[in-house]
């Protein structure tokens, strides 16, 4: 809700009433400030030494927005890359030339083109992007993919990324571990919609043009939703301010940022910040809140049984 300040000056300002903002979102906003940046020294991540990567992408394009350059470098280093798209790609809240029944095929074709260019295996969980309902079988499928691929690194959206469905990806990872147990891996949380708390970076300057080309594959999104190709490259350029002095020059540099941790620590953070209040975690988004409660109850009941 936007409220005007009193007209005590010739200027008109607006401020956002944050009295009803969930604590988790206050944390996300605080971490985005320059105050926290002063105490952070991100280190380069060992992409060339990573042999297997699994990417959890809530939607078809999140993987490229957040980590497209990193995936290009991983491909060049010979890593085995798998991209798992979680939702079915249906879009209903924009005026587009596609119907709800046409969207999945459109976005799948675009995603397949991206994965082909990355020489990556493409998998789909096909969770409804409308109802967000997730079955126990889909949780098992997620766990089975992780068991089969045995990734060194799992790329997943930043824990406090604002979109509810992005946070849901981390919740599903937590539930997969609770339901059947997961092998060990390192988590690299990537950036899509808001500033994260980075402790790792990847200099993607050498593959910036390739990332731009990958983003261009998602024509349906760039034309009918947002110019994500433009926004993502701008974000990568802005991220170059995190480069240590030894990396900086006066050329056009591009960086992808990550918050990295162990599997155990990541799942603990999900439990600590997400589970006490799902309504707050998912910003009151009715479909996600309802789906999260339902599948969480199903898994935890099954676990106790």
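The values are calculated or read from the model by the stated rules, or taken from the named source; none is laboratory data. This is a predicted model, so every value here is computed, not measured. Neighbour counts run over all protein chains shown; Cβ positions are idealised from the backbone, glycine included.
Before moving on, here are some points about what is shown:
- Check on residue 136, touching a residue at least 60 places away in the same chain (Cβ under 8 Å), surrounded by fewer than 22 Cβ atoms within 10 Å (Cβ to Cβ) and more than 23 Å from residue 51 (Cα to Cα): yes
- Selection of the stretch 148-177 for residues being in contact with a helix residue (DSSP H, G or I) (Cβ under 8 Å, 6 or more places away or on another chain), part of a helix (DSSP H, G or I) and surrounded by fewer than 18 Cβ atoms within 10 Å (Cβ to Cβ) yields an empty set.
- Restricting 255, 295, 270, 288 to residues that are more than 26 Å from residue 137 (Cα to Cα) and either crowded, with 19+ Cβ neighbours inside 10 Å or more than 21 Å from the chain's Cα centre (by Cα) (or both) narrows the list to 255.
- Inspection of the stretch 236-243 finds a residue satisfying the criterion of being surrounded by fewer than 20 Cβ atoms within 10 Å (Cβ to Cβ), part of a helix (DSSP H, G or I) and either at pLDDT 95 or above or out of contact with any helix residue (DSSP H, G or I) (no Cβ under 9 Å at 6 or more places or on another chain) (or both).
- Restricting the stretch 191-203 to residues that are crowded, with 19+ Cβ neighbours inside 10 Å and under 15 Å from the mean Cα position of the chain (by Cα), the residue that is nearest to residue 62 (Cα to Cα): 192
- Test set (1) within 13 Å of residue 254 (Cβ to Cβ); (2) surrounded by 19 or more Cβ atoms within 10 Å (Cβ to Cβ) - residue 188 fails condition number: (1)
- Conditions (1) more than 20 Å from the chain's Cα centre (by Cα); (2) farther than 30 Å from residue 293 by Cβ: number failed by residue 136: (2)
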